[in-house]
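Here's the structure we're looking at; comments come further down.
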Amino acid sequence: MSAREEILGRSRRALGDVTVTDPAADVPITRPAPASGPATAAQVDLFAERVADYRATVERPTVLTAADAVLHAVLGEDGSTRRILVPPGFPDALLPADDRIEIVRDGPDVPISELDRCHGVLSTASVGIAETGTIVLDHGKGQGRRAATLVPDLHVCVVRHDQVVAGVPEAVAALDPRCPQTWISGPSATSDIELDRVEGVHGPRTLHVLLVGPADRLL
């Protein structure tokens with residue numbers, strides 16, 4: 001008997017008394033109850049602090065100054081012309097209106113090569129986790145497809161105060177498990193064997209978070 005046959009035989013004997021049932025019935029999925037009420041000021045402050053710890057840029061504009069903050073974030077320090085990708089559903093009120101900004105509307109017909117030609121991408125978010133400084137996208141309205149927020153070198157993400165939750169259990173409770181999710185903790189970065197940090201390998205080199213509050217109707 002070969003090793004393969006022996007392993008398969010043991011597996012069959014071990015599963016001999018197992019009945020075929022719906023896996024969902026075998027392992028029920030339980031989700032924690034979401035926290036009630038909006039995020040506290042302390043939780044919002046902690047979220048901003050933890051995001052900054054990841055070397056991301058964090059700004060806290062008001063509702064009235066959010067559009068200007070988006071414009072400054074995409075222009076950068078040199079103020080040169082930028083091609084900015086905008087996913088479907090991103091709030092028009094926050095789009096930068098400037099001759100130096102070329103808006104590229106994303107969609108199913110836009111190839112990945114076009115995303116690579118964009119300097120940055122704008123997006124909203126689904127959840128911000130105060131305890132870990134993590135931003136979660138479920139790729140709904142204003143968040144775009146996964147490639148849209150992974151290919152361009154700059155990601156400007158707008159997070160509302162009322163989207164901030166205390167910790168991971170609250171975030172999981174607030175998210176729909178049927179939706180694809182991208183969990184972002186700072187700019188893309190890795191280290192080589194000598195622990196030299198390299199940024200922009202697996203995603204955007206620069207993460208610029210605009211923490212907008214209080215809750216508003218623009219987003």
Fewest first, what order do 208, 119 take by the number of other Cβ atoms within 10 Å? 119, 208
Of 72, 155, how do they rank once you tally other Cβ atoms within 10 Å and put the fewest first? 72, 155
So what does log10 I(q)/I(0) come out to for region 72-186 at q = 0.09, 0.10, 0.14 Å⁻¹, using the Debye formula with one equal point on every Cα and no solvent? -0.24, -0.30, -0.58
What ranking do 58, 44 get, fewest neighbouring Cβ atoms within 10 angstrom at the top? 58, 44
For region 77-92, in residue order, the Karplus 3J(HN,Hα) values (coefficients 6.51, -1.76, 1.60; θ = phi - 60°; whole Hz; Gly and Pro = x) are 6, 7, x, 7, 5, 10, 9, 10, 7, 10, x, x, x, 5, x, 4
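Kindly rank 95-105, 143-153 from highest to lowest mean number of other beta carbons found within 10 Å of each residue. Please list the in-between numbers first.
Working: 95-105: 13.8, 143-153: 20.9.
The packing order, highest mean first, is 143-153, 95-105.
Readers should treat all values here as calculations from the given coordinates under stated rules, not as data from a laboratory. Nothing here was measured: the structure is a model prediction, and the numbers come from that model. Methodologically, a virtual Cβ is constructed for each residue, glycine included, from the backbone with ideal geometry; neighbour enumeration extends over all protein chains shown.
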